[in-house]
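Worksheet: the structure to be examined is printed underneath.
Laboratory data are not the source of any read-out in this text; all were calculated from the coordinates shown. Computed from a prediction, not measured in an experiment: that's the story for all the values here. No Cβ is skipped: glycine too gets one built from the backbone with ideal geometry, and neighbour counts run over all protein chains shown.
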Amino acid sequence: MIGYIARRLLQAVPILFGVAVISFSLIHLAPGDPIDRFRTPTVRPEQLEGLIRLYGLDRPVHEQFWSWLSTYVQIWRPEAWGYSFLDGQPVLHKIAERLPATLLLGGAALLLTIAVAIPLGILAAVRQYSIADRLISSLATVGYAIPSFLLGLYLLFFGGVVLGWFPLFGMESFGREGDPLDIGWHLVLPVTSLAVQQIAGWSRYVRASMLEVLHQDFVRTARAKGLPEHRVTYRHALRNALIPVITLLGLTMPSLLAGAAITEAIFTWPGVGLMGVDAVAQRDYPVVLAFVMIGGLGVVIGNLLADVAYAVADPRIKL
Amino acid sequence: MHRRRWQCAALAATVSLLLSACGGTGVSPSGGATGSDSPSTDPGSSGDPGGASGNRDSITWVIDGQPGKISNGADDDPTADLAAFIYDALHQYNDAIESVPNLAECEPDADELVYTCTLVEATFHNGDPVTADDVKFSYDLAISENCTYNPSICLAGFVESVEVLDDRTVEITLLQTYSPFTTVILPALGIESQAVIQAAYDEFTGAAASLDPGDVRAASDAIAEPAGAEEPDAAGCEAALASAEELLTQAGVELPRREDHTFDGAFDPCSYGGVLSTDLLGVANSLEADGLDAVAAVYSLLPFQRDPIGTGPYRVAEFNVGQSVVLTAHEDYHGGTPATSTMNFVIITDLVAAASALAAGQVDFVEEMTPDAFEAVRNSEGVKIAEYPGFLHLELQFNVREGRIFSDVNLRRAMQLCIDKAGTVDAATNGTALATESETPPASWAFNPDVQGVERDVEAAQALIEESGWTLGDDGIYEKDGQRLEAEVLVRAGQSDRINFMQLFAEQVRECGTDITVNPADFQTVLLPALDRAWAEDGFDAYFGGWSASVDPDPYSLWHCDEVSTEERPETFNYIGYCNEEVDQIIEAGLATSDQDERRELYFRFQEILADEQPYLFAYAPLVRDGMHVDMRFTDGEFNLTSPTWLWQRHKIVIPES
Amino acid sequence: MTRLAAVSRRTFEDEADAEGLDQTPVRTYWHLARGRFLRNRLAVAGLVVLALLVVGSIALPALTGDAWRQALLAKVNAPPEVGIGADGELVFAPLGYSDIGQNVLARVAKATGTSLSIGVAAVVIIVGLGVSIGSVAGYFGGWVDNLLMRFVDIVLSLPGLFIILALVSFWGGGSIWVIIIAIGITSWTLAARLVRAEFLRLRDVDYVQAARALGASPLRIIARHMLPPALAPIIVAATLGVADSVVVEAALSFLGFGISQPEASLGNMLTEAQTYFFRNPWLVVWPGLVLVMVVMSASFLGDGLRDALDPRQR
C-alpha cells in the first residue's frame, strides 16, 4: 500500500511541474509587464527599477522560471509564494487564512452530495421504472442543467432577498464570530447552489452502478439462497455498487474547488475562490498564480485519495 | 501650490487608498490632509457640558483601514478621519463648505497678501495653552524647503513668512495672492504643539548628535548609487544596507518593514534601500540644516505620531494595531467639553460587513457606503443615512478644438436640448445620482443655483443644427458636405452607470438626427492614451468621464487656456482644448481675491458661461451615503445630512440613550 | 466531471468487443442512426428546442433591428407591448423593457445568438485540438501517447474556469475572440481522450493494418480510415461542448470579465438584472431560462446522438 501511494505521489510530480510551467507562462506572457500597475506617482523610480529587475526583464526566461520555482517549493517559508500586490501580505499567509472557509464550503457540499445522492440513486435503482425513479431521474436532469452560478443567483434572490430567510453574504455575522449555528445559517445557500449539480450527477451514477450490480450473478445467487430482499440489496449489492462511486470522489473534489470560485464570488464567501477572482480582476499576479497552484494540488490530491480509497475498497485490486 | 485634480478613474485602478476619496465624500486629495472638516465651533455656543444626561458615553465609528501617521503627514482616508477628531486647524469648514474660524479668525488685508490671524483661547491635549508661537511653528514647518507634510499642504513658494505679533496674533504673508489659501490651507493645516515636536526632535538630535552628516549622506548615496544605476546592482544595495540601518537606528528612526519590499518571494534590497536612503537623506538634511528646516526634514520620521498631541475635541487613549483606536474627550476643548466621552474607531475593511454591523446596532457609523453596503442598511429602522452629491461629477466632454465636429457650439447646445437629463440620470444610475448642470457641488458656497438645465426640445435642437448648415439625410441623420453628423463617445468599460447613460443619450439624440456610437474601452490601455492625444488629427471627439472636484472652486486646471493640452504637454487636464478669454480673466481674478462674495460672483458668472457654451454636457454627481445610528445628532440640533461636511462640530456629537 | 466519467467509461468498456462492426456500409449506418434518433423523443425535443433558439436568435434581431441595443428613455421598465408603432414600425416586446428601456425579448434573442456563436466557435477549437491531439496519441501510441496523455492530465489539473477567467481578464478587455480561444484551449481534453480511445481500438483493426501495409501515409490513414468511425463520440462531445461553452461564457460575463454592455450576453444581462431586481424581477428570469434550455436540450440531444450513432451503447 505504501509503495502504491509513493508511486502515485511520484507520478504527481511531473503533473504539478506542468501546472507550474503553464501558470508561470500565463502570467509572463500576459500583455504589459506585471509592474505596470506600480507606475503611479507615489512609487519612486528606484522601487520600479527594483521591480523590473526582480521580474527579471534582463534575464532569460528559463532562469526566471527556475529561480521562481525553487523559491516556490519552499512552502515552509512564509514568503515562498511572494507577496500580494494589493496588501503586501505573504500569499501563503493569505491562503492559509482563507483555505479553511473554502474547505468548509466544499466539504459541506460534498457531504450533502453524498448524503442525498446515494440514497436517491439506490431508491431509483431498487424501484426501477417506478414513479419515484422517474421523479428522481427528471429532477436529476433538471438539476444537472442548471449552472451552479445561476442557481446561486436565484437562491440568493429568493432565499436571501425576497424571503429574507438567509444572509446575503459572508460566512459570519458581525459580533457572532465563531458561532457554529451562525456559520451553518450562512452555509445553507452557497452549499445548496454548489451541491445540486453534483447531486444530480451522482444520483444518476449511483443508480446505474446499482442496477448493474443488481443484475449480476452473485446477487441472484444471494436471492436464490432465500436471503431477505433488503439484506440482498443493502448488504451484498450496495457494497459492490458503491466501489465505482469512489472514483467520483476524486473527480468531484477539484470541480467543487473550481466551482467554489464563482459561488464564493456570488455569496461573498471569504475563501480562496473569492480571493482568486478578486486577484484576477486586480491583476494581483502572485495570488493568481497561487490559486492555480492550489487548484492543481487539489486535483492531484483528489485523484490520489480516490485511487487509494478505491484500492482499499475493492479487494480485486492488488497493490 | 498647484491645484491638483485627480482623474478618479485613473486612481481607482491603481491606488486603492484613494478609491474612497474618489467616491466623493469630504474632500478630494487636493483638499488637504484632513478627511473632512475639523471639529468645533463658534466659541460660546458650546455643547452643554457633560452632554446632559441620557446620552451614551461612547460612539463606535468604522474606519476601513489601518491608520498611519496621525499628523500633518496623513495621506490616507482612515488616518484623515481620525486626525479630524484630534487636530484643529486655524479655520474649518462649516456644513456649507465655507472656511470659517476655528482656532483663529484670519482676515486678509486689502491686497490679499497679508493674513492676520487672531487666536482663541485653547489648550493642547497635554494642558499647554495654544500660542502664536505654536501656529508659527506649524506653518514654518510647511514653508520649509524640507517640508515632509502631506504634499498638498507644503507651502514653500507660496508663503513668504509667518510673524508673531503678540501672544494671540500671527501674521502670514503670501508671496502672491492666492485665494485657495483661505479655502484649502487654513482649514487643513493642523496646529501642533511646538514643545511636543521640539521634544521629539530633541530626542532625535540627542540620538543623532553623534552622527556625522557626511557619513549619513554617504550612506544614503551608497544605496542611491547602485539602486539608481541604469542596471540596479542588488549586491551593491545589499552591501550598503547594514550601515544604513545602523545609522537610522542610532538616530532613533523606525525602520521600514522588509516585507513591504519583497516581491515574488525575493527581498529587493534596492527597493528597501531606496526608503532607507530617503530617510537618511532626511536625517542628513536635518543634521546639516539649522533651526526649523532641520525639524521639517525629519518631521515625518519623528515618533510622536503614534501619540499625537493636538487641540481637537478628542485625544488618543489606545492604539491597537490592526483592530481599533480609542479616543477620549479633551475636557478643556476650546469649543466646550465634548458631549460624548469616548469615540471608538474599529477597523473593518469590508464595507458590506461594516454596514451590516451598523444595521445590527453593533457600530454607529459607516462612511461612503458602496451600493452593496447601502443595500444592507437601507431597510433598517435603526439607521439613518446622510446622502449628498459628492465631489465627483460625470459629464460628456467634447473635444472643442478647431476642426473637431463638436467645436460648433450649436451642436453642443443641440445635444443638451435633445435629452431629458433628469430622467436619463435616474434610469441610468437607478436613482443613485443627482443630475448636474455644473462642476460645482450643490453644497458649495460657489454653487450657482440659477444655472438650470433646459427642457428637452427636439425641434429647437434641430433648428440649431440646421442653423449650422446641416440638412437631414434620408437615413434620419443630418449631413453637411457629404459628412454625416456622427461621432464616437469613449466611455470606460465596466462602468454600467456611465454606459447606461450614454446608451440612453444616444437614442435620444438620434431623434435629433445625430448618430452617436458608444464605445466602452479599457481605461489604462485605451482611454488614457486617447485623452493624451486629444490635440492630434486622430484625437477623440467626445469622452464620457469625470473629475473629483476640489473644495476650492478654482477652475484653473480644467478651463484655463494655458492648460490646453498640446503635443508638447499632452497630459494637462484641459485636453478638450477649451479656451475663452473671459473665462481666463474670471479664473485669474478668482485666484487673486479671497473675498468669498467677490469670488462667488465670479464663479457664478463662470458657471453661466459654461452652461451657455456646453463644452461639457454635465450629467450627474453620484450620491455619497454615510450611514449612522438613527438617533445620532449634535447636542444643539440635527445634522445637515445633505452636505458633504455635515459632520463638522465633532465635539457636539451625541447619541441619546434610548 | 460526471459527464466525463460516464462517456469515457463507455469507451473503455467498448474496447474489448469492438471489432468488425464499423465496416457496415456507411449509408446504412447513417440511415439506421437516423431511425434510432427519431425514436428518441427527448432527443428530438432537444433538437427542436435548440433549433428554435437558433432561429429565434437570428430572426428576432432581424425583425426588430436595433431594438436589442436601443435604450429608450420613454420605455424604461415599461410593460410588454406588441403592435405597430406610430411610425409604422413593428413593435414586438412581449417581455417588456429593461431598466434602461431596451426591448427585453430582442435583447435576450441577441444574447442567445452571441452565446451560441461563442459556443459553436469554441467547439470548433475544442474539436480541432481534441481530434489532432487525440488522433496523434491514439495512432502512434507508445511514448507519443504517453507524453500527450500526461499533457492532458496537466490540463485537466488546472482549475479550468479560473484559467479562462485569467486569460480573458489579462488578454481580453471583453473581446469575443479572446473568450472563444480561452474556452477552446482549456476544454479540449475530453474530446482528445475520446478520440484517442477510439483510435487505440481502431489501430489493430484489419483494414487499418492493411492500409498501413500498403504504405499509406499516417495522415491518410488517420483521415480516411480512422476518423470516420470515430466521428460518433466527437459529435456527442461537440454537442455537449457547445452547452458547456455557453455556460462558461455566461459565467464570465456575469462576473464582469466577459462581454460588456452595450453588447448583449446572457451573463451580462443577469448582472444588470441583479441591480434592478426589485424594480423588474423578471429580468433575472429570461436569460436564466434560456441558459437552462440550452443546457438541457443540448444534453438530451447529446444523449440521443450517442445512442443513435453508437448502438453498442445501451
**Message:** Just to check I understand the Karplus step: with θ = phi - 60° and J = 6.51 cos²θ - 1.76 cosθ + 1.60, what whole-Hz values come out for the range B:273-280, glycine and proline as x?
**Reply:** x, x, 5, 4, 4, 5, 4, 4
**Item:** Peptide C:67-74 - average C-beta neighbours from other chains (10 Å radius)
**Value:** 6
**In degrees, nearest ten, helix C:282-309 long axis to first principal axis of chain C (Cα)** = 20 degrees
**Fill in**
Non-local residues with an amide H under 5 Å from the amide H of B:VAL551, with H modelled 1.01 Å from N and Pro and chain starts lacking one, are B:SER28, B:GLY31
**Request:** Could you give the size of the charge dipole of the range B:516-658 about its Cα centre, using +1 on the Cβ of each K and R and -1 on the Cβ of each D and E, expressed in debye and rounded to the nearest 20?
**Result:** 820 debye
**Asked** Taking the Cα centre of the range B:419-486 as the origin, how large is its charge dipole in debye, to the nearest 20, when only Lys and Arg (+1) and Asp and Glu (-1) carry charge on their Cβ atoms?
**Response** 300 debye
**Message:** Cut-off under 20 Å on the C-alpha distance; same-chain residues fewer than 8 positions from B:LYS421 excluded. Which lysines are left, in chain and number order?
**Reply:** C:LYS75
**Fill in**
The local net charge around A:ALA117, scoring Lys/Arg +1 and Asp/Glu -1 for residues other than A:ALA117 whose Cβ lies under 10 Å from its Cβ, equals +2
**Message:** Quick check on chain B: helices-only [θ] at 222 nm, where DSSP H runs of length 4 and up contribute -39,500 (n - 2.57) each and the sum goes over total residues. Nearest 500, please.
**Reply:** -10000 deg cm²/dmol
**Item:** Lys/Arg +1, Asp/Glu -1 at C-beta; the range B:163-245 dipole; positive extreme among B:ALA199, B:ALA235, B:ILE185
**Value:** B:ILE185
**Complete:** Taking only the alpha carbons of chain A, the radius of gyration and the largest Cα-Cα distance, Dmax, both in angstrom, are 24.0, 86
**Table column - 3J(HN,Hα) (Hz), the range B:239-247, Karplus curve with 6.51, -1.76, 1.60, x for Gly and Pro** = 4, 8, 5, 4, 5, 5, 4, 5, 4
**Asked** In peptide A:140-152, what is the residue-averaged number of other protein chain Cβ atoms found within 10 Å of each Cβ?
**Response** 6
**Complete:** Residue-ordered couplings for the range B:477-489, obtained by feeding phi - 60° into the Karplus form 6.51 cos²θ - 1.76 cosθ + 1.60 and rounding to whole Hz (Gly and Pro as x), are 10, 5, 9, 8, 6, x, 9, 7, 7, 9, 7, 9, 10
**Prompt:** On average, how many beta carbons from a partner chain sit within 10 Å of the beta carbon of a residue in A:282-293?
**Reply:** 3
**Fill in**
Long-range alpha-carbon pairs in the range B:556-603, meaning those over 17 Å apart, account in percent for 38 percent
**Prompt:** Which net charge results for the neighbourhood of B:THR642, defined as the other residues with beta-carbon distances under 10 angstrom from its beta-carbon, given Lys and Arg at +1 and Asp and Glu at -1?
**Reply:** -2
**Request:** Any chance you could list P(r) for the protein assembly as shown, counting all Cα-Cα pairs in 20 angstrom bins from zero, rounded to whole %?
**Result:** 9, 33, 35, 17, 5, 0
**Listed residues A:VAL206, A:THR221, A:ILE243: farthest to the positive end of the dipole of the range A:206-319 (Cβ charges)** = A:THR221
**Ranking of B:CYS418, B:CYS147 by count of other Cβ atoms within 10 Å, fewest first** = B:CYS147, B:CYS418
**Asked** Among B:TYR272, B:PRO303, B:ALA284, whose Cα sits farthest toward the positive end of the charge dipole of the range B:263-309 (+1 at Cβ of Lys/Arg, -1 at Cβ of Asp/Glu, about the Cα centre)?
**Response** B:PRO303
**Prompt:** To the nearest 20 debye, what is the magnitude of the charge dipole of chain A about its Cα centre, counting +1 on the Cβ of each Lys and Arg and -1 on the Cβ of each Asp and Glu?
**Reply:** 1460 debye
**Message:** As I understand it, the value is the acute angle between the Cα axis of helix B:77-86 and the longest principal axis of the Cα atoms of chain B; what does it come to in degrees, rounded to 10?
**Reply:** 50 degrees
**Asked** What GluC sites (Glu not before Pro) in the range A:126-229 are in a loop by DSSP, with at most 14 other Cβ atoms within 10 Å of the Cβ?
**Response** A:GLU177
**Complete:** For B:397-403, A:95-101, C:88-94, ranked highest to lowest by mean beta-carbon neighbours within 10 Å, the order is B:397-403, A:95-101, C:88-94
**Request:** Please sort by residue number the chymotrypsin sites (Phe, Trp or Tyr not before Pro) in the range C:205-314 whose DSSP state is loop and whose Cβ has at most 13 other Cβ atoms within 10 Å.
**Result:** C:PHE278
**Asked** What aspartates and glutamates could a cross-link reach from C:LYS110, if we take a straight Cα to Cα line under 15 Å and drop same-chain neighbours fewer than 8 places away?
**Response** C:ASP66, C:GLU249, C:GLU263
**Prompt:** For the range A:142-208, how big is the tail of P(r) above 16 Å, as a whole percent of Cα pairs?
**Reply:** 52 percent
**Message:** For chain B, take the longest principal axis of its alpha carbons; what is the angle in degrees between that and the long axis of helix B:581-592, to the nearest 10 within 0 to 90?
**Reply:** 20 degrees
**Request:** Go ahead and estimate [θ] at 222 nm for chain C from helices alone: -39,500 (n - 2.57) per DSSP H run with n ≥ 4, summed, over the residue count, rounded to 500.
**Result:** -23000 deg cm²/dmol
**Asked** Which helices count as membrane-span-like in chain A under these terms: full DSSP H, at least 18 Å along the axis by C-alpha, Kyte-Doolittle mean of -0.5 or more?
**Response** A:2-28, A:91-126, A:131-145, A:180-214, A:238-267, A:285-313
**Complete:** Going fewest to most other Cβ atoms within 10 Å around each Cβ, B:HIS91, A:HIS93, B:HIS334 line up as A:HIS93, B:HIS334, B:HIS91
**Request:** Take each of the peptides B:288-295, B:651-658, average the number of other beta-carbon atoms within 10 Å over its residues, and list them starting from the highest.
**Result:** B:651-658, B:288-295
**Request:** Give the share of C-alpha pairs in each 5 angstrom bin for the range B:408-510, from 0 to the last occupied bin, in whole percents, shortest bins first.
**Result:** 2, 11, 18, 20, 19, 15, 10, 4, 1, 0
**Cα centroid separation - the range B:370-434 against the range B:122-138, whole Å** = 45 Å
